[in-house]
1. Please indicate, with yes or no, whether at least one residue in region 27-40 is part of a loop (DSSP other than H, G, I, E, B), in the same structural domain as residue 159 (by TED's automatic domain parsing) and surrounded by 13 or more Cβ atoms within 10 Å (Cβ to Cβ).
2. Name the residue, out of 86, 167, 106, 80, that is in contact (Cβ under 8 Å) with a residue 24 or more places away in the chain and more than 30 Å from residue 9 (Cα to Cα).
3. Can you name every residue in region 273-291 that is free of Cβ contacts under 8 Å to residues at least 12 places away in the same chain and either within 32 Å of the chain's Cα centre (by Cα) or assigned to a loop (DSSP other than H, G, I, E, B) (or both)?
4. If you scan region 196-224, which residues turn out to be closer than 19 Å to residue 2 by Cα and out of contact with any helix residue (DSSP H, G or I) (no Cβ under 9 Å at 6 or more places or on another chain)?
5. Which residues, taken from region 138-153, are surrounded by fewer than 19 Cβ atoms within 10 Å (Cβ to Cβ) and farther than 19 Å from residue 177 by Cα?
6. Can you tell me which residues in region 299-324 are free of Cβ contacts under 8 Å to residues at least 40 places away in the same chain and touching a helix residue (DSSP H, G or I) at 6+ places or on another chain (Cβ under 9 Å)?
7. Which condition from (1) touching a strand residue (DSSP E or B) at 6+ places or on another chain (Cβ under 7 Å); (2) surrounded by 14 or more Cβ atoms within 10 Å (Cβ to Cβ) is the one that residue 385 breaks?
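The values are calculated or read from the model by the stated rules, or taken from the named source; none is laboratory data. It should be emphasised that the depicted structure is a prediction, and the values quoted were computed from it without experimental measurement. FYI the Cβ positions are ideal-geometry reconstructions off the backbone, even for glycines, and counts take in every protein chain you see.
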């Protein structure tokens, strides 16, 4: 459905615009520009119906790659092959003429996509209903707020029945209601086997929607695969202050999907205990449990933080806290001293498998030692509930009297 082969994109950077003209002089032997490779040897494929997300820090090449795939930019080397109709929602301001009304832009967008006016007329009520911008459909787009613009652009893109949908941070400027509507639409498109390639800095959304994630760094693919593991790799590489944990003798025997930090302290043991204080891997819904963490300090540290994070089986954050949130001052630790700390709570999670991430940190949030998914446990219960938490709702009911709240004649 989508094939990207050895794609690279080179930009020539000049100190001044005049240098560009000076370089055209056939008598000049030295170049006046420096080469900047925004993308370097990018290769991957996306199958029909697959949802793939691109993650990475600003400037890593995500938006450039989407523009190359959409045909807006030509690659310096390599090629992109697409099969089917491609709809792209890229940076704010692209695709709509600000002087035309929203309605006129919808029809123009359809013509660009090769869709006839009759088909777009049939789609227009759906586009208007999803966008919910009311009378502004008949106003020039230049009068729109950024949120209104994205509503209409996103609605148009998804209602032209694309085979491939490319989206760059579409939900960044929308409100919560619209964002939730878009997420449901993404899930619907996934069920319809529409291929989706999107960029988002919302890592929870990436885990929720994607079949696969690609981590870009400095214009290259740094990691690719299951979203949960790719995001762990991304967070680790971005946040680590130095590579003090690369040698195995500096680590404990704990197994984590990703680990990073500067080594000021080291987590030596993490244990999940049941209500009786026994190590456990299966928890009854509502049971009192304790996450016990043992830490050794390599450097003198005052007011260190220790925290936990529980994730569900698709990697979404369910609950997290730390000693700063709980307003607990751990005092000062010297090299060689150890800390044992317990986080206890009633486990009102719904029956699923969950993981525990733990970390020791500086006050600024940077890590001494961060271990992703160091523990796994299952929650079982005779009671079923939707979602990830069981809030134990009280249900009161009664028969309403006939005519109660009836309108007065």
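1. Initial filter on region 27-40 (part of a loop (DSSP other than H, G, I, E, B)): 27-32.
Okay, now just the ones that are also in the same structural domain as residue 159 (by TED's automatic domain parsing), so 27-32.
Filter once more, keeping what is surrounded by 13 or more Cβ atoms within 10 Å (Cβ to Cβ): 32.
Looking for residues that are part of a loop (DSSP other than H, G, I, E, B), in the same structural domain as residue 159 (by TED's automatic domain parsing) and surrounded by 13 or more Cβ atoms within 10 Å (Cβ to Cβ), one finds at least one in region 27-40, hence yes.
2. Working: 86 fails: more than 30 Å from residue 9 (Cα to Cα); 167 fails: more than 30 Å from residue 9 (Cα to Cα); 80 fails: more than 30 Å from residue 9 (Cα to Cα).
After ruling out the rest, the residue left standing is 106.
3. So in region 273-291, the residues free of Cβ contacts under 8 Å to residues at least 12 places away in the same chain come out as 276, 278-279.
Selection gives 276, 278.
4. Matches in region 196-224: 220, 221.
5. Let us first name the residues in region 138-153 that are surrounded by fewer than 19 Cβ atoms within 10 Å (Cβ to Cβ), namely 138-140, 142-143, 145-147.
Of everything in region 138-153, those that are surrounded by fewer than 19 Cβ atoms within 10 Å (Cβ to Cβ) and farther than 19 Å from residue 177 by Cα turn out to be 138, 139, 140, 142, 143.
6. none
7. Only one criterion is unmet by residue 385, namely (1).
Every residue, every condition in (1) buried (at least 21 other Cβ atoms within 10 Å of the Cβ); (2) outside any strand (DSSP E or B); (3) modelled with pLDDT of 85 or more; (4) touching a helix residue (DSSP H, G or I) at 6+ places or on another chain (Cβ under 9 Å), yes or no:
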position	(1), (2), (3), (4)
235	no, yes, no, yes
254	no, yes, no, no
267	yes, no, yes, no
271	no, no, yes, no
293	yes, no, yes, no
